[in-house]
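Written below as structure tokens is the structure these notes are about.
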Amino acid sequence: MKKSGWIWIAVGIGALAFIATEGGNVVSNIVSSAYSAVINAFALAIQQAEGWAPGSWSYVTNNPGNITDMGQPGQVGTKTNPSSGITFPVFDTYQDGFDALCWKLNRAFNGLSSVYTPGMSISQFFAAYSGDQNEANNVASILGVDPNTTLAQLQANFDSGNSGVLS
């Protein structure tokens with residue numbers, strides 16, 4: 001069995017690079033410089049909770065968050081998952097799909113979404129995002145926080161330099 005994980009590397013004062021590993025091998029350098037550390041960390045946690053790995057649905061569609069929002073930059077088509085019947089956008093590159101996920105999260109964290117608000121807990125966010133409480137619990141665990149932590153609390157904690165783990 002191959003072990004997957006994340007390596008967080010300090011790149012400079014206040015900067016982190018996120019690198020995905022599969023079986024000890026680096027499979028992608030995944031960070032979107034257009035978005036804050038909390039957005040990137042939340043996106044990476046979603047990607048991990050969604051099961052992104054070679055051969056997975058999110059991997060095949062270059063859609064690491066399994067988002068269903070259509071019309072994002074880099075979208076080159078759609079594909080319906082035969083097991084769920086849900087149609088997902090297919091992105092040209094992994095980075096395009098990751099950026100689309102970050103765009104969606106940025107809107108949620110900054111109060112620009114009509115669905116998500118900064119006052120939502122991680123549990124409430126996932127009730128709307130996927131309807132899957134297990135995913136909420138997994139993402140919270142990856143981030144080192146309680147599922148009742150709000151997006152605003154998580155943002156404030158990252159802004160204070162605590163890397164997401166609430167004390």
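Where a number appears in this text, it was derived from the coordinates with a stated rule and is not lab data. Because the structure is predicted, anything quoted here is derived from the model rather than measured. Note that each Cβ is placed from the backbone with ideal geometry, even for glycine, and that neighbours are counted across all protein chains shown.
When 104, 79 are sorted by how many other C-beta atoms sit within 10 angstrom of their C-beta, beginning with the fewest, the order is 79, 104.
Could you tell me what fraction of 2.2 N^0.38 Å the Cα radius of gyration of region 85-141 comes to, as a two-decimal ratio?
Taking N as the residue count of region 85-141, the ratio is 1.21.
With each label modelled as a point 7 angstrom along the Cα→C-beta vector, the residue 152-residue 128 pair spans 1.4 nm. The residues 86, 67, when put in order of fewest to most other Cβ atoms within 10 Å, stand as 86, 67.
Dimensions of region 34-159 along the principal axes, based on C-alpha atoms and rounded to the nearest Å, stand at 36, 28, 25, largest first.
Region 97-167 and region 58-87 have Cα centres lying 21 Å from one another. How high is the FRET efficiency from residue 110 to residue 86, r the C-beta distance, R0 22 Å, rounded to 0.05? The computed FRET efficiency comes out at 0.25.
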